[in-house]
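In what follows, a single structure is set out as structure tokens and then discussed.
The values are calculated or read from the model by the stated rules, or taken from the named source; none is laboratory data. Not measured: the values here are computed from a predicted model. All Cβ positions, even for glycine, are placed from backbone atoms using ideal geometry, and neighbour counts span all protein chains on display.
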């Protein structure tokens, strides 16, 4: 089964940093589908799963500061309902407590799930997944989702960075993830954290070639 990576909104506060004469576009020209629009998009347009790798050293990925009042912590059983609601909204998929337990909180290959929360409740979620037979020496960033009301607050970046930190603490040397080709803001987030594209097929290479022009603008 392919798993999804983060889906944050089109306004990402880390997208404006310059690098080597090129700037990330503040608003990618590819508009990010959300909610029911994301589901409709998937039905109407072919979707390609993209694979990304952080080759390490993983300790180069430092914690991402969050706004006052937002904290990260490991999830508990009491969070399972809110996690289901967060992932259902983020991915426009059916999530319930049973699925959360099966794929996250009680999964033997998921040692920890992280949540971001404020005074109103959980805003985002991400999990560390370890599959040594499939990805030796690497951790897998698993199901990163952020509520619509929390878009543009670096929550997805902070959760992803916390997973990478966790993999480093477990003695792993690389991190991998999969995301969808229409999740442009999430891809920018991963690039800024040091992830790079890994081409598993010619189809993925073509998908990246189509996506990159929507992510970058040339600095004149």
For segment 187-202, state whether one or more residues are touching a residue at least 12 places away in the same chain (Cβ under 8 Å), assigned to a strand (DSSP E or B), buried (at least 21 other Cβ atoms within 10 Å of the Cβ) and in contact with a helix residue (DSSP H, G or I) (Cβ under 6 Å, 6 or more places away or on another chain).
no
Among the residues of segment 86-109, the number that are buried (at least 18 other Cβ atoms within 10 Å of the Cβ), farther than 15 Å from residue 128 by Cα and free of Cβ contacts under 8 Å to residues at least 24 places away in the same chain is 1
With criteria (1) out of contact with any helix residue (DSSP H, G or I) (no Cβ under 6 Å at 6 or more places or on another chain); (2) surrounded by 14 or more Cβ atoms within 10 Å (Cβ to Cβ); (3) modelled with pLDDT of 95 or more, residue 38 comes up short on (3)
Open item on the list: Given the condition touching a strand residue (DSSP E or B) at 6+ places or on another chain (Cβ under 7 Å), part of a helix (DSSP H, G or I), on the phi < 0 side of the Ramachandran plot and at pLDDT 95 or above, answer yes or no: does some residue in segment 165-173 qualify?
Closed with: yes
Only one of (1) in contact with a strand residue (DSSP E or B) (Cβ under 9 Å, 6 or more places away or on another chain); (2) farther than 27 Å from residue 50 by Cβ; (3) surrounded by 15 or more Cβ atoms within 10 Å (Cβ to Cβ) does not apply to residue 80, and that is (1)
